[in-house]
Amino acid sequence: MELIQDFNKIFERISKDKPLVHHITNYVTVNDCANIILALGGSPVMADDPKEAEEMVSLASSLVLNVGTLNQRTIESFILVGKKANSLGIPVVLDPVGVGATKLREKTVRSILDEVKLSVLRGNMSEIKNIYGSGGIIRGVDSIDDSMKGGKEIALELSNRLKCVVAITGATDIISDGDKVYYIDNGHEILARVTGTGCMTTSLIGLCCGTKENPLQAAVMGTTIMGIAGEKAYETLENKEHIGTFRVKLMDAIGSFSIKDLEKRGKIHEV
Amino acid sequence: MELIQDFNKIFERISKDKPLVHHITNYVTVNDCANIILALGGSPVMADDPKEAEEMVSLASSLVLNVGTLNQRTIESFILVGKKANSLGIPVVLDPVGVGATKLREKTVRSILDEVKLSVLRGNMSEIKNIYGSGGIIRGVDSIDDSMKGGKEIALELSNRLKCVVAITGATDIISDGDKVYYIDNGHEILARVTGTGCMTTSLIGLCCGTKENPLQAAVMGTTIMGIAGEKAYETLENKEHIGTFRVKLMDAIGSFSIKDLEKRGKIHEV
Amino acid sequence: MELIQDFNKIFERISKDKPLVHHITNYVTVNDCANIILALGGSPVMADDPKEAEEMVSLASSLVLNVGTLNQRTIESFILVGKKANSLGIPVVLDPVGVGATKLREKTVRSILDEVKLSVLRGNMSEIKNIYGSGGIIRGVDSIDDSMKGGKEIALELSNRLKCVVAITGATDIISDGDKVYYIDNGHEILARVTGTGCMTTSLIGLCCGTKENPLQAAVMGTTIMGIAGEKAYETLENKEHIGTFRVKLMDAIGSFSIKDLEKRGKIHEV
């Protein structure tokens, strides 16, 4: 895998710099996001009040915006902090959780896309299709559009339109920077039975972006780490229905993750 | 157990429809509530901003209102969304966490009861007595009224007054629709040593209600599942003080729950 | 260890009174804080709306203020509730998470210190130095000032200035009431790889203070319990990188904690 040198560089920078990843995120999965950042060697900070969020992001290596439980306070901060990050050259990653489910989510995501320059946009197929404009069907915050059909074209076109990396995660993850397109075949369907695995993937991408390496490689790496961690956790699960134990093992897999896991297990191919 | 056919029907509908359970809930136990819904096969969504909550509930199969960390934003949404759910025929389940501890909680719960038609009200004896009007003693959010004395009468009368199922959970759970009364003797006291087991029971009831089956059976089933899961988790616990491991095993038990567990272990009797 | 009688008294009171610990805290680690209070035998309550927080604290044995994700709502409540607790003789413990990272945090913490009489202030070296005025370097919410140099003098002086116990936690914890100074050498560096261990330590101190025993001993006891629990959890960890399992075992260690652990493992010395 030709990407392995790039991944190694990102790994080393995480280990050396311990990137601070500022999150404006939802209150459902925020603890998991903080723990996954720490488990892989970064440092998380969550601060969403408009009166301090711009100052906080100034200290950060990257910014994660997650609209999962958006409200008046966070909506104001998304824009303020996103712009501040842009002005300081700090990479911004957006997770448009449930966009399309309500007008407020759609409006909020549109205004972020209009006013903030993203490094990476990560969503499931329903969310990305909604942004793309082809009417992704949304029901709540879980994707009900499992078909990855047309994913390559959507990722390419949307990436060019938004001038950022687009990561569509699902059974096969599709990631593009508008030029190259990667497919990733890691992961396991049990990940969808635990809340926050999408959010955590976005946080890992945010951490990888915090190294200031190429955002395409950062997005591919963050996504692949989550997929491989899911596989490792599932493999050692004695009872395959034991969701609670799976969650623990998932965090174990991230905490003990190494470049060798990517080398041996990564199923990434350029298409 | 005559209820087993009804439970089976609910189980099958959950498996088939994957009901979307909209929560307006507290930020302490929200992650546990989301995970327990997923573990039993439903789909959770949490969205509490008044500007989107009505639209979100329109997509849902049921609605859970939990006042655990109520604030200006959620108080407004409770009423808006509850009414919207009523207008659409979506079942509403209320968890009046800590009602009676403060005037704000009492006022909020009263206004929900006045303006929203519930399918199920679930609380501990202190909370239910407060609503009933016999002055349940409240200290914080945990029940300090362990006596189930008079529970049958309270459940019956309150159920008739509110025209909804009333579930009083405790050492013995008492559930009534104003006509029938069930006692459930499942569960284990260790459940009280973990935060959120009450909230999670309410969420499970919400999920069962999301099948649109009879709310009495839904409430009995959700409550019994939690009790049995607690028993199963406790039985396999090597060190009975290991609260952390207990929490993991509790989620394992929900994730691997089957109708057989209800059949073999359910201690439900009509009184 | 001469403190052991005092610890025993605190333990017995927790077991007898089940102190109610009111938290106004952040939404990242709130679930862990609630669970750790329950695991050691207390009762947690989280309520942050200014319209009910004063009434809620009136029922409590102690109050924990944690500024981790402060916002307009909680900032107002910190002061209102802190004053109310003071007027009722309820001990107040402050965790100035990330103070110095932003002006808002600094201003908020200053106004709490000005208007509320604390029993215990607990922070890492960066945070305490910021309050002390010697310019602790802050980056996000994690301490990057690992040197404990000068810690004894800072703890002593700040304690005298604020007229409260000051607990600086780190590789060696330093705790003073302005007269005595204790060093605690328990704990393990893996605790820093899990989010919320600082917040949880503050909550344990809050629980110990809820017994109304001497706040110096309460602070030493709460801090030592966390350190020993970390050691016990780490020792039985098969793979030392398994952060997820470590978190579970940490809660197990708190749930099964006994006075014997303090007696056998406590590394506390007066200096």
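The values are calculated or read from the model by the stated rules, or taken from the named source; none is laboratory data. No experiment lies behind these values; they were computed from the predicted model shown. Neighbour counts are summed over all protein chains in view; Cβ atoms, including those assigned to glycine, are modelled from backbone coordinates with ideal geometry.
One residue alone among A:80, A:104, A:113, A:94 is outside any helix (DSSP H, G or I) and in contact (Cβ under 8 Å) with a residue 12 or more places away in the chain, and that residue is A:94. Taking segment A:8-20 as the range and being aliphatic (A, V, I, L, M) and either in a helix (DSSP H, G or I) or more than 9 Å from every other protein chain (Cβ to nearest Cβ) (or both) as the test, the residues that pass are A:10, A:14. Of everything in segment B:47-60, what is among the small types (Gly, Ala, Ser) and surrounded by fewer than 24 Cβ atoms within 10 Å (Cβ to Cβ)? Give them in sequence order. Listed by number, the list holds a single entry, B:58.
Before we move on, is residue B:244 out of contact with any strand residue (DSSP E or B) (no Cβ under 6 Å at 6 or more places or on another chain), surrounded by 22 or more Cβ atoms within 10 Å (Cβ to Cβ) and touching a residue at least 24 places away in the same chain (Cβ under 8 Å)? The answer is no for residue B:244. Among the conditions (1) away from chain B (no Cβ under 14 Å); (2) within 18 Å of the chain's Cα centre (by Cα), residue C:63 misses just one, which is (1). From the list A:220, A:271, the lone residue that is among the β-branched types (Val, Ile, Thr), under 23 Å from residue A:152 (Cα atoms), surrounded by fewer than 24 Cβ atoms within 10 Å (Cβ to Cβ) and touching a strand residue (DSSP E or B) at 6+ places or on another chain (Cβ under 6 Å) is A:271.
Residue-by-condition table, conditions (1) surrounded by fewer than 20 Cβ atoms within 10 Å (Cβ to Cβ); (2) at pLDDT 95 or above:
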| position | (1), (2) |
| --- | --- |
| A:137 | yes, no |
| A:148 | yes, no |
| A:152 | yes, yes |
| A:156 | yes, yes |
| A:165 | no, yes |
| A:172 | yes, yes |
| A:175 | no, yes |
| A:182 | no, yes |
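Every condition in (1) modelled with pLDDT of 95 or more; (2) surrounded by 24 or more Cβ atoms within 10 Å (Cβ to Cβ) holds for residue C:190 except the one numbered (2). Put simply, of B:31, B:35, B:26 the only residue that is in contact (Cβ under 8 Å) with a residue 60 or more places away in the chain, closer than 24 Å to residue B:198 by Cβ and part of a helix (DSSP H, G or I) is B:35.
Of the candidates C:9, C:51, C:18, the single residue that is among the basic types (Lys, Arg) and touching a residue at least 40 places away in the same chain (Cβ under 8 Å) is C:9. Scanning segment A:54-77 for residues that are in a loop (DSSP other than H, G, I, E, B) and not hydrophobic (A, V, I, L, M, F, W, C) yields A:58, A:61, A:68, A:69, A:71. Of the numbered criteria (1) assigned to a loop (DSSP other than H, G, I, E, B); (2) facing chain B (nearest Cβ under 9 Å), the one residue C:51 fails is (1).
Looking at this structure, is residue A:209 surrounded by 24 or more Cβ atoms within 10 Å (Cβ to Cβ) and either of a type in the set (S, T, N, Q) or touching an Asp or Glu at 6+ places or on another chain (Cβ under 9 Å) (or both)? Criteria not met by residue A:209.
Of the residues making up segment C:181-198, not a single one is in contact with a Gly (Cβ under 8 Å, 6 or more places away or on another chain), away from chain A (no Cβ under 14 Å) and in a helix (DSSP H, G or I). Per the conditions (1) outside any helix (DSSP H, G or I); (2) in contact with a strand residue (DSSP E or B) (Cβ under 7 Å, 6 or more places away or on another chain), the sole criterion not satisfied by residue A:257 is (2).
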